[in-house]
Structure formats: C-alpha cells, structure tokens
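Accompanying notes for the structure given below.
The values are calculated or read from the model by the stated rules, or taken from the named source; none is laboratory data. Keep in mind that what you see is a predicted model, and the values were worked out from it rather than measured. Don't worry about glycine lacking a Cβ; one is built from the backbone with ideal geometry, like all the others, and counts go over all protein chains shown. Each accessible area value is taken on the protein alone, full model and side chains, heavy atoms only, with ligands, DNA and RNA left out. Shrake-Rupley method; radii C 1.70, N 1.55, O 1.52, S 1.80 Å.
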Amino acid sequence: MVDPEGRGAPAKTFMDFSLTYDPYTHKATEYKISNCSRPHMRAFHLAWTSFLMAFIAWFSFAPLGPAIKKSLKLSRNDILIANITSVGSTVFARFAIGPVMDMVGPRLGQAFLLAFCAIPTFFAGLVQNLGGLAVVRALVGVVGATFVGCQFWCSVMFSKDIAGTMNAIAGGWGNLGGGLTQAIMVGLYNLNLASPTCNAECAWRNAFYIPACALLCAAAAVYYLGDDSPKGKWVPMHKNAGGAAGEVASNVQVWILVIQYSVCFGMELHVNNTAALYYNTRFGVNLTTAGLVASLFGLMNLFARAWGGMISDYCYAKYGMPGRKWAHIIITVGEGIMLIIFSRIGSFGGAIVAMIVFSLFVQSAEGSTFGIVPYVDPPRTGGVCGFVGAGGNIGAVLWGVLFLFTDTFANGYMYLGIIVVAVGITGVAINVKDDPLSQKSMHSVMDNTADGKTSIDMKGRTV
C-alpha cells in the first residue's frame, strides 16, 4: 500500500490484527467489546480490569469505616484524616508515574503499581491506631495511579476518533470498583462475622486479604498477557522522564484540565470515602445498609462515564473541539446542581435517588474530560494523563480538608456543589486545538517497530 500523500508504504504489523486499524500507527479505528484478541482489545480489557482491582483495594477501607472507627476508638475527623492520606498519596504517584510510563510503557508501569500495592493491602488488618491506619492507607493509595496506565494504554491502542469513548469505558468500568468494593467488603465482613470464632474486630481485619490477592492476580495478568503497544515492544520517544514532565507542566491547558478533573473524579473519590458514613450518621442505617446504598454511587460507572466519552465524541464529530469543550461544561455544571439538591434532601429514599442522578453527572464529566486529554500534548499523553489524573486526587484532598471544617456532611456537600458549578463555568478557558501536526508527532512515537526501527507515519487512515 502506498500513501497518496507520498510518504511511502506502511510497516508490517507484528502480528495479525482482528480489528480495522490505521496502517501507519497500527492503532485500532474500531472496537468490539466482546473481543479479547491481541493487541488492542486485550490491552483494553486488561486496562479496565486492572484498574477495577486497584479501585477495589484502594477503597476497601471506606465501607468498613464505622467498624474501624469503633474498633480503633477514632473520631469522625480521624477517619477523614485517613481518607485524606489515601487520596493524597495518589497525587504524587500520578504525577510521577505518567512521565515514567512515557519511558517504559503502560504495561510495565501498571504491573509494577499493582504488585507494589498488594503488600500494604495484605498488612492492612494489623493497624492499631490512627497513625498506622494513615500510613497503610497512604501506601495503598499509590495504587490509584493505575488510572494513568488505564487511560494511557487505551490512548496508545486506539485512534483519536474513538479515544474519548474507549478512555471513558475503560475508566468507567475501572471506577466501578468504587461501588463494588462497598458491597464486596461488607460481604466479606459479614461472612467473617458469621464464623463463631470471629468477632466484629476480627471480621474487618481479615477482610483485606481478598483485595490484596486480587492485586497480585491483576499484576500477573497485565505483565504476562498484554502488549506494550500496537507496534509490540515499547520504544520511548523521550530520553528522560524529567524532561517530558517539564514539558507537560509548562502547558497551561494541562492545568485547566487538572482543575476540571478535581471537581469530577475528585468528587467521586470523596463521595466513595464518605457516603457510607454519611448514610450511617444522618439516616441511622446500619453498616451493611449504608455500604450497599453507597455502592450505588460507584455502580453508575458501568455506563455513566462511557456516556460522557460518547457524548464528547459525538459533539466532536458534529462541532469539532468546541463541541467537546461545551459538552464538558454543561455536564460539569449539571453535576454541581445535582450535588446541591442531594445535600438538601432529608429523606433516606429521596437522598438515594438524588445521589444516583448526581453520580450520572459526575462520571459523565470524567468521561468528557478525558475526551479532551489525548489532544493536549499527543507525544506526551502519558504525562498529561498523569497530571490530569492527579488533579482528581488533589480535589479529593481539598474536599476532605473542607469537611474537617464543616459542621455536617450535608452542609459540606452543599458547599462542594457550589464550587463545582463555579469550576464548570471556568471550562470556557479550555482551548485545545485538533492540530494535525501535533497528532502526527504522537504517531511518530507509535511508529517504532519491535526491533527499534522507524516506519513512516500517516494520520487517520483505515485499511
């Protein structure tokens, strides 16, 4: 095949592909969810399942909060401080891992994070006081950086035309762990409690072995079953991670998206950490009921984040990059309005309904944010994913600190709703161009074959 623009014939793929793909970048231009073939769909499924396991471990403490609080004789603010350390450590991990993944590729970076964080998860049941709880939660919180690998891997494997959808589906299904862990950990707690030799303290302490094992299994699957890129072996474009990080940090649009992501994913993290305790204290329901109701918030990730990505892709097809921007602004403002409504509802049933609608907006805003990310600095997409992803955790830290100074969770949620609306409106400052030359630079990264040679690149063509 010869490029009509005179750039030569494309390189041969390192294996047979089952999807339609760009012959120059080898990125897939379509997706088939039920397909698990290498390299594209295999990477997609490993990306979201590994992030799902990470999310389950990361927030495994939250549904057991009431039991841990009672066992360790902690106050409400003590639990909030532990929550802050959990999401705070992820800020630094995400900033660091993005440029590193630009160097080593998403597969190796993802596998390392999963295996490393399995260790503190195994020892989570040994904590005896607030200090121990805060340290363990901070170490386990590093696993939140697997979000960077999840999004980067999908951006590497799929063309820009479906990048919003694929990132949103993978991120959303991974975030589903925030809801599943509420049910899983409560289930493990009750299963342990059913044993005549296990009391309430024994029940929550022994529950952490399962998520720890899940992390190790996910690490092995990513390492042994995945491919670095559509070209096979990963060949970095940059000589050092520090230089790439500097380029990303100097981009104003990156920081605008960091702020935007702080009020959607940051909000999700904060609600995952506080929802069960909120329902337990405000409505007087028991730990099991509070955990199951709180799980509904995270379970909306099954489709809501994908909606955000699909809406972003649709608006892009109709209106170009301005379509992606305005879709994101509208969704984010809607999120803030629904959070204010949720905070003012005093009935248990009404609060559940409002929380579900609010959740749909939260996760859709996450999807619309990462519909824009691949366009910000294509050659450094891993770094951009890391920085923007860290924005979510920065937000979660800030919202946790805010709650330390509010008299009730309900008022805290109301203040946050107002902040979200204000930040959503500032989305008018987003000014990311769909620059073909910039996209070409990203393609040049991907045009490295397994033996390190470079082939000719071309954007946006299918076989």
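Element breakdown for the stretch 1-139 at a 1.4 angstrom probe: carbon and sulfur atoms account for 66% of the accessible area. Apolar share of the accessible surface for the stretch 225-327: 66 percent from carbon plus sulfur atoms, 1.4 Å probe.
Under the convention that each Lys and Arg Cβ holds +1 and each Asp and Glu Cβ holds -1, the size of the dipole of the stretch 133-234 around its Cα centre is about 120 debye.
Separation of the alpha carbons by more than 29 angstrom is noted, of Lys32/Lys233; Lys160/Lys233; Lys12/Lys160; Lys231/Lys325; Lys12/Lys433, for Lys231/Lys325; Lys12/Lys433.
Looking at the stretch 201-352, the accessible area is 38 square angstrom per residue; that uses a 1.4 Å probe and ignores ligands, DNA and RNA. Averaged over its residues, the stretch 1-156 has an accessible area of 34 Å² per residue, based on protein heavy atoms and a 1.4 Å probe.
Each Lys and Arg Cβ is given +1 and each Asp and Glu Cβ -1; about its Cα centre, the chain then shows a dipole of about 380 debye.
Were the residues from Cys198 through Ser75 laid out at 0.36 nm apart, the gain over their Cα-Cα distance would be 41.8 nm. Relative to the longest principal axis of the Cα atoms of the chain, the long axis of helix 76-104 lies at roughly 10 degrees.
Once the Cα atoms are used to define both axes, helix 252-262 deviates from the longest principal axis of the chain by about 30 degrees. Label point of Thr408 set 7 angstrom out along Cα-Cβ; within the stretch 263-298, amide nitrogens under 17 Å from it belong to 275-285.
The long axis of helix 304-319 is offset from the longest Cα principal axis of the chain by roughly 40 degrees.
Subtracting the Cα-Cα distance of Tyr209 and Asp16 from their residue separation scaled by 0.36 nm leaves 65.5 nm.
Ordered by solvent-accessible area of protein heavy atoms (1.4 Å probe), largest first, the residues Cys150, Cys36 come out as Cys36, Cys150. With just the Cα atoms defining each centre, how far is the stretch 353-414 from the stretch 273-304? Give it in Å. Cα centres, the stretch 353-414 to the stretch 273-304: 18 Å.
For Trp326, the solvent-accessible surface computed with a 1.4 Å probe is close to 120 Å², ligands and nucleic acids excluded. Per-residue SASA remark: Ser75, around 50 Å² accessible (1.4 Å probe; ligands, DNA and RNA not included). Ligands, DNA and RNA excluded, the heavy atoms of Val135 present near 90 Å² of accessible surface to a 1.4 Å solvent probe.
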